[in-house]
Amino acid sequence: MIEPHAPARPGTSPWQPGPARLPVRPGTGRFLVLVCVFVCAACGLVYELELVAFASYLIGDTVTQASVVLSVMVFAMGIGSLAAKRLRWHAAAGFGAIETALALVGGCSAMALYAVFAWTGGWGGVWADGPRCLLVAFSLAIGLLVGAEVPLLMELIQRIRRQDAGGAVADLFAADYVGALVGGLAFPFLLLPFLGQLTGALLTGTVNVVAGGALVLGLFRRDLTRRARWTLLLVGLAVLAVLASAAALADEFERAARHAVYGKDVRVALQTNVQEVVLAGGTHGRPLDLFLDGRLRVGGRDERRYHEALVHPVMSGPHARVLILGGGDGLAAREVLRYGGVRRADVVELDSGLIGLARSDPGLSALNGHAFDDPRVHVTTADALDWLRGARRPSYDVVIADLPDPGITASTKLYSQEFYGLARRVLAPGGRLVVHAGPVAARPRVFWTVASTLRAAGFGISPYRALGQDSGFPAGPDRSAGASRAPHDWGFLLAAPWGPAPRLTLGPGGPNPRTLSRAELTADARAAARTRIEGLPASTLVHPRY
């Protein structure tokens, strides 16, 4: 290892180390350094995207989590760059140590975050701050290490062949940005679909430590003392052993963590092109639980209370043609088909994998009454907003928006003024729309923002709610165990275009709901109205309010 006060070689400044003693030509050495820059930049961006994806999946609210992770990482990169100035005299050894640490921290970050989420009961209750602090800590640590790479690589590339600072920076950042492009594309199109987040992060860490170790121990080995070479080699091999062991145990770890999150009765765990779908129970008399991206969407007695409250009030008017937006589990369609006057029911669902499970899984298909086998039901796999944009003719008596909660960032566009304007366009004269608008008691501001948005789109509205009974079926986007055990409700808005608020009732002559009575509906409508918040602005595509 070069000492900072070693005598300068001819042609060098007394404050700079001499040229690197390379085993290859300078041009080849320079190329190898730029290749390493490329690989390290790709790995760094994968770590960044993996943290954003995991935070969004486990916590929700994609915009907030992405903002926190990215801002902390960029800040930490600046601090890391400043701190790396002290390592310039030992650039090769410093770079090797940084890449080894980065591979360990970045490669294991996904597994550590998932473990905390699974075995501490989620991100709520007494653990509300701990896991979020862990996310920030990983963002900070990875940012510090990534930020320290560039100054050291700049020092190494200059030691191979001195050139003007502008040219060296241009070469270095060109390789860095191209590597970031490759890493950014590899994460969603290769690593995530084929390896998953856990194994993908571990593989990225492996590539990282191999690239850094090969550069330092291969190209710059003559600049290291014997002790430094052996230390970097042994530590690098230890990190590789840790990453390889974690990769070998990843499937077993994921099964154990899934059982910790979803319970012991997990039967199906499917990663579709849209979301993770998990089915638990549903056989041998056990109630069926359906999780979509970690959120419990169907569970226990509450499933029927939710779907009866969603469907039956809107079906009290004309209902020959029904449009269901979402509802890929088939449970809203089950309630619609209880009405003999239904001639056609169109289901527009984004996730074809969920539709397939609703058709084929014995537990889920039994629960939905094999609704998708009914010839009156026609399924289209499409984004609800895009589908409505292409639907021109007013043709539906009933539109049912059985969509993810408005508190989830990905579904915000489905609760916008533009979306409801498109839904109004497909309603026939006298038609009605019902919207699931999230919990009333827990998130009244979100609920009444949906109401304001419907009014801005030209609807008269009647708010109501349904109380949950089974503690297993949470009302909103919160995944915490504490929240799911609290009393909860679901808020709904019955809407009619260009007119007064529609009458909230259960139609005479229709099938009797098993969990909903006219008296309960009236009482719950009054309870929802008491939470009213006036003056809330409408949510639009360019200015979401949720």
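The values are calculated or read from the model by the stated rules, or taken from the named source; none is laboratory data. This structure is a prediction, so every number in the text was calculated from the model and none was measured. Please note: Cβ atoms are built from the backbone with ideal geometry, for glycine as well, and neighbour counts cover all protein chains shown. When the accessible area is computed, the model is the full protein with side chains, heavy atoms only, and any ligands, DNA or RNA have been set aside. Shrake-Rupley method; radii C 1.70, N 1.55, O 1.52, S 1.80 Å.
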Legend entry - Electrostatic dipole magnitude of region 407-457 [Cβ: Lys, Arg +1; Asp, Glu -1; Cα centre; debye, to 20]: 60 debye
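Helix-only mean residue ellipticity at 222 nm, the chain, DSSP H runs n ≥ 4 weighted -39,500 (n - 2.57), per residue, nearest 500. What is it?
-16500 deg cm²/dmol
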Legend entry - Rounded to 10°, Cα long-axis angle of helix 91-119 versus longest principal axis of the chain: 20 degrees
Legend entry - Degrees between helix 250-262 axis and first principal axis of the chain (Cα, 0 to 90, nearest 10): 30 degrees
Inset, instruction - Could you tell me what fraction of 2.2 N^0.38 Å the Cα radius of gyration of the chain comes to, as a two-decimal ratio? - result: 1.19
Legend entry - Where N is the number of residues in region 225-368, Cα Rg divided by 2.2 N^0.38 Å: 1.58
Inset, instruction - Keeping all protein chains in position, work out how much accessible area Ile408 exposes to a 1.4 Å probe, and write it in Å² to the nearest 10. - result: 30 Å²
Legend entry - Low-density loop positions, trypsin sites (Lys or Arg not before Pro), region 31-99 - DSSP coil, at most 11 other Cβ in 10 Å: none
Inset, instruction - Along Cα→Cβ, 7 Å out, is where each label goes; now give me the distance between the ones at His370 and Arg343 in nm to one decimal. - result: 2.6 nm
Legend entry - Cα long-axis angle, helix 444-456 against the chain (0 to 90 degrees, to the nearest 10): 70 degrees
Legend entry - Neighbour cut-off at most 13 other Cβ (10 Å), DSSP loop, trypsin sites (Lys or Arg not before Pro), region 195-287: Lys264
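Taking every DSSP beta bridge with both residues inside the chain, roughly what % is antiparallel (nearest 5)?
Close to 55 percent.
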Inset, instruction - Return, for the Cα atoms of region 350-449, the radius of gyration and Dmax in Å, separated by a comma. - result: 15.3, 41
Legend entry - Check: the chain dipole with +1 on Lys, Arg Cβ and -1 on Asp, Glu Cβ, in debye: 540 debye
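Determine the per residue accessible area of the chain with all protein chains present and a 1.4 angstrom probe, expressed in square angstrom.
43 Å²
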Inset, instruction - Determine the share of the chain's accessible area contributed by carbon and sulfur atoms, expressed in whole percent, with a 1.4 angstrom probe. - result: 61 percent
Legend entry - Share of alpha-carbon pairs per 10 Å distance bin for region 112-248, given as whole %: 9, 27, 35, 20, 7, 1
Legend entry - Efficiency of FRET from Cβ geometry, Thr531 and Thr505, R₀ 22 Å, rounded to 0.05: 0.55
Inset, instruction - Just subtract the alpha-carbon distance of Ser71 and Ala260 from 0.36 nm times their residue separation and send over the number in nm, one decimal. - result: 64.9 nm
Legend entry - Surrounding net charge for Gly363, when Lys and Arg each add one and Asp and Glu each subtract one, Cβ distance under 13 Å: -2
Legend entry - Ratio Rg/Rh [Cα only; Rh per Kirkwood] for region 177-278: 1.12
